[in-house]
Amino acid sequence: MNNSKNILIVGAGFTGAVIGRELAEQGHQVRIIDSRSHVAGNCYSERDEKTGIMVHTYGPHIFHTDNQVVWEYLNRFTEMMPYVNRVKTTVNGKVFSLPINLHTINQFFETTCSPSEARALIESKSDQNIVDPQTFEEQALRFVGKELYEAFFKGYTVKQWGMSPAQLPASILKRLPVRFNYDDNYFSHKYQGMPKEGYTPIVENILNHPNISVELERAYQEEDSEGIDHLFFTGPIDSWYSYRFGRLGYRTLDFDKFYTEEDFQGTAVMNYGEENIPFTRITDHKYFAPWEKHEGSVCYREFSRTCMPDDTPYYPIRQMGEMELLNKYLSLAEQENSMSFAGRLGTYRYLDMDVTIAEALNMARIYLDSIENGEKMPVFTVNVR
Ligand code: FAD
Ligand code: UDP
């Protein structure tokens, strides 16, 4: 191909892999580097050496989407197995079903409500004075009321985010549905599933193209940009500018891994709602592959804390202070030529895998169009503010 471009992509997570594949398929030469010793970024999964159980090394990942294009794209590279995420939570010595559904409500209030009775009950508990909830706390008080909020959300959220739900945006809680039937599927999406052999082979398969070369354990260095036509950067946007204005705030996670010979908890994810229990949840990874047979369990106790310079950034905090800082970096970024920022770290947003893939497909298309039309490739292809 005469118009073949030399592309550098920093980061071999879903974002980098998908952009790389799309460009490679159009004849461009793609080099992808990643500072880690493996591909797939935070979606990386591997078999536990001792038990053979597939573990999600950076925390539990369940694929769910309404986007048919993304679902079909994923299924090109893996066999997806049926999987429905059914989360439980332990609070005050009792186990309840999440997301809040009719079973949760009936157990919690020791009632036998029908759907419409439960709706009326929750409405009577909710704070109707809150008209337009702005914070997580207001959203909870408005839609589930004080008792359910305090049992299931308050303590957990303080642990997860390190701050009061009164300081967090309502959007975080809006991710969770409240149902007045016995549907305990954690997600409401049309397509849900788990890759049969974990997430890593999906990314390996996406990267398996003659025009793509991958180098691991290679952090970006200036010389990597020599002779390239375009750079896609999927690392932290503030790291690109050597943190000159300060570091964007993230939460990081610590996982305390333990084994049990017997089945530990009988389910994949058990949340712990109380603030005085230091961890947020325990994941038993064998339950992510119900089609496999394993006797014991390999579990991760999950602790959330402030992300320090040497930690893995997980959840962008995106509070007022962080947004001010982000804007400073965005102002610099918007002046860049021949480079784009992408993915959850490049755009400092919490992104589910399906959104990550959709945005990567879109960014690749925009790049291909920009070459064809001789136009400048935008630095961002989504609204990051
Ligand atoms: P990443 O996966 O972070 O990849 C970025 C890569 O860039 C990394 O491998 C990093 O090493 C590399 N890199 C960074 N800087 C440099 C540098 N300077 N030089 C070289 N390499 C560099 N999504 C779901 O859909 N369902 C879930 O259930 C789900 N659960 C999650 C649970 C947790 C605990 C977390 C944190 C996220 C979860 N997600 C889930 C979101 C999912 O992890 C992301 O959508 C996905 O990882 C984003 O991919 P990415 O390629 O943008 O970023
Ligand atoms: N959350 C909670 N209690 C729970 C589960 C979730 O308070 O048992 C809150 C918490 O603040 C979390 C948010 O709801 O960040 C969104 O939940 P989700 O399960 O989507 O969190 P994630 O997948 O990001 O860990």
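I want to confirm something. Restricting to the stretch 146-160 and keeping residues that are within 6 Å of ligand 2 (Cβ to nearest atom) and over 14 Å from PHE96 (Cβ atoms), which single residue is farthest from the chain's Cα centre (by Cα)?
So the residue we want is THR157.
Please state which one of ARG244, ARG218, ARG251 is part of a loop (DSSP other than H, G, I, E, B) and near ligand 1 (Cβ under 10 Å from one of its atoms).
Result of the check over ARG244, ARG218, ARG251: ARG218.
How about the stretch 15-27: which of its residues are more than 22 Å from VAL382 (Cβ to Cβ) and either buried (at least 18 other Cβ atoms within 10 Å of the Cβ) or among the aromatic types (Phe, Trp, Tyr) (or both)?
ALA24
With ASN67, ASN75 as the choices, which residue is on the phi < 0 side of the Ramachandran plot, of a type outside the set (A, V, I, L, M, F, W, C) and buried (at least 17 other Cβ atoms within 10 Å of the Cβ)?
Sole residue among the options that is on the phi < 0 side of the Ramachandran plot, of a type outside the set (A, V, I, L, M, F, W, C) and buried (at least 17 other Cβ atoms within 10 Å of the Cβ): ASN67.
Could you look through the stretch 221-241, keep only residues that are within 9 Å of ligand 1 (Cβ to nearest atom) and either assigned to a helix (DSSP H, G or I) or of a type in the set (A, V, I, L, M) (or both), and pick out the one that is farthest from the chain's Cα centre (by Cα)?
ASP224
Do the conditions hold for GLY321, that is, is it surrounded by fewer than 15 Cβ atoms within 10 Å (Cβ to Cβ) and within 24 Å of the chain's Cα centre (by Cα)?
yes
Any idea how many residues of the stretch 33-52 are in a strand (DSSP E or B) and within 7 Å of ligand 1 (Cβ to nearest atom)?
1
Got a number for residues in the stretch 99-133 being in contact with a helix residue (DSSP H, G or I) (Cβ under 7 Å, 6 or more places away or on another chain), touching a residue at least 24 places away in the same chain (Cβ under 8 Å) and assigned to a loop (DSSP other than H, G, I, E, B)?
Final tally of qualifying residues: 2.
Scan THR260, THR306, THR283 and give me the residue that is within 13 Å of ligand 1 (Cβ to nearest atom) and not small (Gly, Ala, Ser).
Result: THR283 is the single residue among THR260, THR306, THR283 that is within 13 Å of ligand 1 (Cβ to nearest atom) and not small (Gly, Ala, Ser).
Check the stretch 134-153 and report whether any residue there is part of a loop (DSSP other than H, G, I, E, B), in contact (Cβ under 8 Å) with a residue 24 or more places away in the chain and either within 16 Å of ligand 1 (Cβ to nearest atom) or under 18 Å from PRO278 (Cβ atoms) (or both).
no
To keep it simple, each residue is scored yes or no on (1) closer than 19 Å to SER171 by Cβ; (2) outside any helix (DSSP H, G or I); (3) modelled with pLDDT of 95 or more; (4) of a type in the set (D, E, K, R).
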{"position": "GLY321", "(1), (2), (3), (4)": "yes, no, no, no"}
{"position": "LYS328", "(1), (2), (3), (4)": "no, no, yes, yes"}
{"position": "LEU332", "(1), (2), (3), (4)": "no, no, yes, no"}
{"position": "ARG349", "(1), (2), (3), (4)": "yes, yes, yes, yes"}
{"position": "GLU359", "(1), (2), (3), (4)": "yes, no, yes, yes"}
{"position": "ASN362", "(1), (2), (3), (4)": "no, no, yes, no"}
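Considering every residue within the stretch 39-50, establish whether at least one is in contact with a strand residue (DSSP E or B) (Cβ under 6 Å, 6 or more places away or on another chain), away from ligand 2 (no atom under 16 Å from the Cβ) and among the hydrophobic types (A, V, I, L, M, F, W, C).
No, because not a single residue in the stretch 39-50 is in contact with a strand residue (DSSP E or B) (Cβ under 6 Å, 6 or more places away or on another chain), away from ligand 2 (no atom under 16 Å from the Cβ) and among the hydrophobic types (A, V, I, L, M, F, W, C).
So, TYR329, is that one within 16 Å of ligand 2 (Cβ to nearest atom), crowded, with 18+ Cβ neighbours inside 10 Å and either of a type in the set (Lys, Arg) or closer than 18 Å to TYR243 by Cβ (or both) or not?
So TYR329 does not fit the description; no.
Which residue pairs have Cβ atoms closer than 6 Å, lie 6 or more positions apart in sequence or on different chains, and pair a first residue in the stretch 211-222 that is in contact (Cβ under 8 Å) with a residue 24 or more places away in the chain with a second residue that is part of a strand (DSSP E or B) and polar (S, T, N, Q)?
Sorted first by the residue in the stretch 211-222, then by its partner, the pairs are ASN211/GLN29.
Out of VAL30, VAL70, VAL55, I need the residue that is at pLDDT 95 or above, hydrophobic (A, V, I, L, M, F, W, C) and outside any strand (DSSP E or B). Which one?
VAL70
The values are calculated or read from the model by the stated rules, or taken from the named source; none is laboratory data. Only a predicted model underlies this, so the values are computations on that prediction, with no experimental measurement involved. Glycine also receives a Cβ, built like all others from the backbone with ideal geometry; neighbour counts cover every protein chain displayed.
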